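Asks: Here it is, the structure in full.
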Amino acid sequence: MDSNNEKEQRNLELDKERLIDILTEELPALRAKIGLSQDELSCIIGISRQTYSAVETHKRRMSWNTFLSLLLLYSSNDKTAQYINSVGAYPPSLKELFNTDRRLRENE
């Protein structure tokens, strides 16, 4: 029998791919909303412009770390925060996973 942590981990693995797909589709629109070039954006999130360009044009799959960096950028920006939620790239389940208070209560 699987523990709850094992089930959560398996569900997150499945969701990671779906969330990456959702965000990848929206990258050009999101970047345009905040008015950054690929070079500027890649510098902010710590990857090369070539890597970012390949992700945005679907030639390369983004890593989970890149996803999280982009999610932080876009969910923190007033021009894109609502949009990132509306397209499903930052679902309540992921917000709940980031909720450290929940984890602390479970371990008490």
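The values are calculated or read from the model by the stated rules, or taken from the named source; none is laboratory data. What you see is a predicted model; the values in this text were computed from it and never measured. So basically every Cβ, Gly included, is an ideal-geometry build from the backbone, and we count neighbours across all protein chains shown.
Asks: Within the stretch 55-73, can one find any residue that is touching a Lys or Arg at 6+ places or on another chain (Cβ under 7 Å) and exposed (fewer than 12 other Cβ atoms within 10 Å of the Cβ)?
Replies: Within the stretch 55-73, none of the residues are touching a Lys or Arg at 6+ places or on another chain (Cβ under 7 Å) and exposed (fewer than 12 other Cβ atoms within 10 Å of the Cβ).
Asks: When Arg18 is evaluated against the numbered criteria (1) at pLDDT 95 or above; (2) of a type outside the set (Phe, Trp, Tyr); (3) within 14 Å of Val87 (Cα to Cα), which criterion, by number, is the only one it fails?
Replies: For Arg18, the failing item is (1).
Asks: Could you check the stretch 69-104 and list, in sequence order, the residues that are polar (S, T, N, Q), in a loop (DSSP other than H, G, I, E, B) and at pLDDT 95 or above?
Replies: Of the residues in the stretch 69-104, the ones polar (S, T, N, Q) are 69, 75-77, 80, 82, 85-86, 93, 99-100.
Now narrow it down to the ones that are in a loop (DSSP other than H, G, I, E, B): 77, 80, 99.
If the condition is that a residue be polar (S, T, N, Q), in a loop (DSSP other than H, G, I, E, B) and at pLDDT 95 or above, then Asn77, Thr80 are the ones that fit.
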